[in-house]
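Heads up: the structure comes next, in structure tokens.
Throughout, read-outs are computed from the coordinates displayed, never taken from laboratory work. Everything numeric in this text was worked out from a predicted model, so none of it was measured. Glycine gets a Cβ as well: all are built from the backbone with ideal geometry, and neighbour counts include every protein chain shown.
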Amino acid sequence: MNLTINGRTVTAESGDTIFLAALKAGISIPSLCVSHQLAPFGSCRLCICEIDGQSGTPASCTTPVRPDMVVHTEGDRLRRHRHNIVELYLSEQPEGSGTSGPLRELALACGVDRVRYPAGAHSTRASVRDDSNPFFIFDNAACISCARCVRACDEIQGTHALTMFGRGFSVRPTAGGGSLISETAAFATSNCVSCGACVKECPTGALMEKTVLEQGMPTSIVRTTCAYCGVGCAFDAGVRDGRVVQMIPADDGPSNRGHACMKGRFGWTYNNAPDRLSVPLLRRGNDWEEISWESALDLVAQEFTRIKGAFGPDALATISSSRGTNEENYLFAKFMRCVIGTNHIDNCARVCHSATVTGMMDTLGASAATNSLQDLDVAQLIMVVGANPTESHPVVGSRIKQAHRRGVPLIVIDPRRTELARLADLHLQLRPGSNVALLNAMGHVLVKEGLLDRAFLAARTEGIEDWIKTVSDCSPKAAEAITGVPAHLIGQAARLYGSSGASYCCHGLGVTEHRWGSHGVIALCNLALATGNIGRPGTGINPLRGQNNVQGASDMGCLPTFFTGYQSLDDPKLATLHQTITGRPLPTKRGMKTPDMWDAAIAGRLKGLWIIGYDVAQTDPNLKKVREALKQVEFLVVQDLFLSETAKHAHLVLPGASFLERDGTFTNLERRIQRIRKAVDPPQGILPDWRVVCEVSNRMGYPMSYRHPSEIMDEIARLTPMFAGVSYDRLDQHTGLQWPVPTVMHEGTTLMHQETFPKGKARFVAVEYLPPGEAASKDYPFVLTTGRILQHYNCGAQTRRTDILELVDTDVLEMHPADMERLQLRDDEIVRVVSARGEALLPVVGSERVLLGHLFTSFHFPASTVNDLLSSSADDSSQCPEYKVSAVRVEPIERDELDPEDEVELRHMRRQLIT
Amino acid sequence: MRTQYGTRLAEALESCRPVPPDKPNILKTLLAVQAGLGYVPTSDLPQIAQVLGVTDAQVAGVLSYYSDLRTQPSSRHLIRVCRGESCTANHGLRVLLAIQDHVCVAVGGSTQAERFTVEQMSCAGNCAVSPTVIVDDEMYGRVVPSQVAALLERYE
Ligand code: SF4
Ligand code: SF4
Ligand code: FES
Ligand code: FES
């Protein structure tokens, strides 16, 4: 429709506000409280306008457009009003508080040079300053009570930690119970998760990052991608004097749309941590000797050449990092294949989503999210299986909460009563390890009640009969006995999932990290196929990848069984292409997976190992064995930002550059390849990982002469049909590219499998429930599950070096209150957790998030040695370890049993569970 | 004493515990708590939030907004005098002064023997017949200072 604004004809869509229509036409209207991220509100009244034929001055940000409306946004009357409004805001500011930047600018723009109201003639804002949040402050003096912060917390983040407190003149935002509980520590006592949405929305600087307050506003901005979880949030890194001072999520970030979580938003200060490595370290007995880069690189080349000469290529292996860039991962794999001549290369996806890779390959023929995050906007139902997105993928978690608030039904399948489980329409609280039984029973109901998508089945799939036969034995009643979930809930879930019209499924490590993890993934794919919930908007099977580039590391061929783009190693066409482009043959013999490497090391077959940015000695299951293996290796090179537990075993430690200090790309959980860009220089002399590989390779007689990571990407594109259309020029458009991108004209793929599957038809794979590798027993009566919490990231190497530590500084064992009572344990009491493999000391707290007889803990702190408890049990086909089920017992301990060193660490804990 | 208080709080909360698919009703719950205890103790705010499945902030927002909700115990009778626009225009201030004189206590205070607590509010929603005085649950319109003594007689 058309309307006229300030004499100009402007086109708008019905439902637009006048403010939005003007904005689209490039007409800016003064405003404070409006945000395109939030629903119209209209509290500041600065955006007032005049409409012909209508009296008064309505707020343009809340007035919808009508065809042929004639609007004026400037003019004497409006200017006078705005002047007075700003003057009133200023009059409220307490004496001497110093007007905040944005208000001062506005005052200047409106020509307000003094306040006519005498001091004391009216109420001023209460002086309230809350700096109890580790990352930002709230200063009521600068606030104008526009409620943008409160709306951000409600509408964007969905945490409801803020409220407008009081009414009338004294109304002001506050966190939690505010002055009813503790006004100066309102944030600390509230359920705020420090996502920073309120800070970003605040137009006046009343909410402000501490880093900016301390170090000043950034003077330049670099667009990059977060290096924590797999969501791949786009950020603008604000730089001042060669240091990052602020990270602001980008509104045009395709995966995060302006939102972020605590880790990405505030958890980057490890970049300046005092204990960052800056020079190569060589082991001399129990000491480290600092050596030059030259000699370090020489040493790697020498040792690798020696080992290869003496024991052959198969005595060497590399474990690359799913935190590193695509280009670096590709280069490490290339180094192993072309220089060493082996496929012994793996990455840390092994321990998380390798079961997804196997399971999705077997059924759909491609192992990546079938749909995109934007599909959450159109899904008619969301099913979350074995995932806790509000903590592990917080931006996805917020999006799911937004959808749920719009009325989209939510099913959560999880042993724990997570935040989403509490909100869900249906929470199927199954016993850990019983996923397949539950999902098959849902299949049983679908078959029985005729909810299969017959047309889709006939045209697009094969093997349905096998599956029907298998699930026909899996009645909900039988599943109830195995899973503990009431049969009628299983039926309800199946009906909802099968009949919504578009069911979006996402899953996490609660599906994969099991003895039969890939079966769980297969069972999920079967359900999606049976109901036609694949290949359409708002549907699909979407693994929530844990790390920023776990997708990319596997895509880049850092797998012992696949080349880039999951190309088969024995493909003759690929072999020729590889020879032409790299000048070396592609080894065809499958390499070792990470757990096999440990066995090989202990058996003495593996002599040299290169580990990049991956703390295996803290994060792998069955740590005793891993550490043993690391000790056996003749030459261990570890590349990391910090002296990690793994680095402590190394012969040579190479310092690394952080994501803020280098160029490259990451691939997020929706297959989107996005740029990271260098914002600041690394500490002196540090080479980015890709340069390290080139240098070593050059020294070993295979020159690699890339001038920039973009040239590495060009090579990847030439070798990989799936990435053929990828180049840095194209990636520099902000949206990145979602693979497959088969040609340079191709737009990228937001939705996979629309017409066909990679193998033509998708295949049902009938899987039966098999019990977990370990069950509770008389000696070990509890089932322990491990996982992440919001505040920390994996081994915690980064997050433990930020102010996040103020919030959470220990792992905590969660136990059902009734079990606590039975064992006569008190909150925060330190207990010993014992498994058949080892033991760990942890503070215990009562938590209704876990079932009776079950325990949960995170694994972010090395001191808690949680992984000592876990077994080497793993998924058969993918070797994805069983982090989610271990049988343990819990024993109280005497205070004097504690190691005094540990005692200090443990006493300082403060727990803060997100409830 | 404390246990009786605990039971009354528990009863009030139990009566308001949301049963899905019903949404929690914060205002109704706070009124129930106040009916049981005479006021809404701020120290119980987290417990109220937990039972309702909402956050502290959501409860605090409602609690701080409605003048009907009290966070302090009051005397046996609570007098609230409206100071809104309509009441002010119709000499509500004179009524307030008359009440203060009569019971000998200022706004916010309680009389000896805890008979009356005096508060002001705005607006009582009774503008058509302002000025307005509310004593406990009863609302009086068109109040003039000379009526105050007789009006308060009724409350022992
Ligand atoms: S803190 Fe900022 S966003 Fe919140 S009400 Fe005040 S001015 Fe508005
Ligand atoms: S930081 Fe996030 S969770 Fe905390 S109050 Fe602000 S918007 Fe809410
Ligand atoms: S911007 Fe429209 S009322 Fe504030
Ligand atoms: S102003 Fe007193 S009742 Fe409305």
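Numbers at a glance
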{"item": "Loop trypsin sites (Lys or Arg not before Pro), the range A:371-437 (other Cβ atoms within 10 Å of the site Cβ: 10 or fewer; DSSP)", "result": "A:406"}
{"item": "Equivalent ellipsoid dimensions for chain B as semi-axes, Å, which come from the Cα gyration tensor, largest first", "result": "32, 18, 12"}
{"item": "Proximal aspartates and glutamates to residue A:761, defined as alpha-carbon separation beneath 14 angstrom and excluding residues fewer than eight positions away on the same chain", "result": "A:362, A:462"}
{"item": "Degrees separating the helix A:293-311 axis from the principal Cα axis of chain A, which is the longest one", "result": "30 degrees"}
{"item": "Calculated FRET value between residue B:5 and residue B:139, using beta carbons and R₀ = 30 Å, to 0.05", "result": "0.55"}
{"item": "Förster-model FRET efficiency, 56 Å R0, residue A:488 and residue A:213, C-beta, rounded to 0.05", "result": "0.50"}
{"item": "Peptide ranges A:521-533, A:735-747 listed from the most packed, as the mean C-beta count within 10 angstrom indicates", "result": "A:521-533, A:735-747"}
{"item": "The range A:661-718: trypsin sites (Lys or Arg not before Pro) in DSSP loop, at most 13 other beta carbons within 10 Å", "result": "A:707"}
{"item": "Peptide-level mean, for A:158-165, of C-beta atoms on other protein chains within 10 Å", "result": "5"}
{"item": "Other protein chain Cβ atoms within 10 Å, averaged over every residue that makes up B:40-49", "result": "2"}
{"item": "Gain upon complete extension [residue A:126, residue A:839; 0.36 nm per residue less C-alpha separation]", "result": "251.4 nm"}
{"item": "Per residue convex hull volume, Cα atoms of the range A:2-69, in Å³", "result": "81 Å³"}
{"item": "Test item: B:64-77 mean partner chain Cβ contacts at 10 Å", "result": "2"}
{"item": "Two-site FRET efficiency, residue A:681 against residue A:707, from Cβ-Cβ distance with R₀ of 22 Å, rounded to 0.05", "result": "0.75"}
{"item": "Ranked by how many other beta carbons lie within 10 Å on average, peptides A:210-221, A:483-494, B:25-36 from highest", "result": "A:483-494, B:25-36, A:210-221"}
{"item": "Too-long pairs where the Cα-Cα distance tops 23 Å, listed order kept, from A:448/A:469; A:308/A:624; A:308/A:573; A:200/A:401; A:24/A:401", "result": "A:308/A:624; A:308/A:573; A:24/A:401"}
{"item": "Rounded tilt (10° steps) of A:709-719 against the dominant C-alpha axis of chain A", "result": "60 degrees"}
{"item": "Per-residue [θ]222 nm for chain A (sum of -39500 (n - 2.57) over DSSP H runs n ≥ 4, rounded to 500)", "result": "-8000 deg cm²/dmol"}
{"item": "Antiparallel bridges, percent of DSSP beta bridges restricted to chain B (to nearest 5)", "result": "55 percent"}
{"item": "Calculated SAXS-style log₁₀ I(q)/I(0) at q = 0.09 Å⁻¹ - the range A:370-543, Debye, Cα scatterers", "result": "-0.26"}
{"item": "Where labels lie 7 Å past Cα in the beta-carbon direction, separation of residue A:605 and residue A:455 in nm", "result": "5.3 nm"}
{"item": "Dipole of the protein assembly as shown, positive end: most advanced residue of A:272, A:198, A:813 [Cβ charges, Cα centre]", "result": "A:198"}
{"item": "Two-site label geometry, residue A:755 and residue A:55: point separation in nm, points 7 Å out along Cα→Cβ", "result": "6.3 nm"}
{"item": "Net lengthening on full extension, residue A:477/residue A:448 (0.36 nm per residue, minus Cα-Cα)", "result": "9.1 nm"}
{"item": "The range B:77-153: antiparallel DSSP beta bridges as a percent of all, rounded to 5", "result": "55 percent"}
{"item": "Equivalent ellipsoid, the protein assembly as shown (semi-axes from 5 times Cα gyration tensor eigenvalues, Å)", "result": "55, 34, 30"}
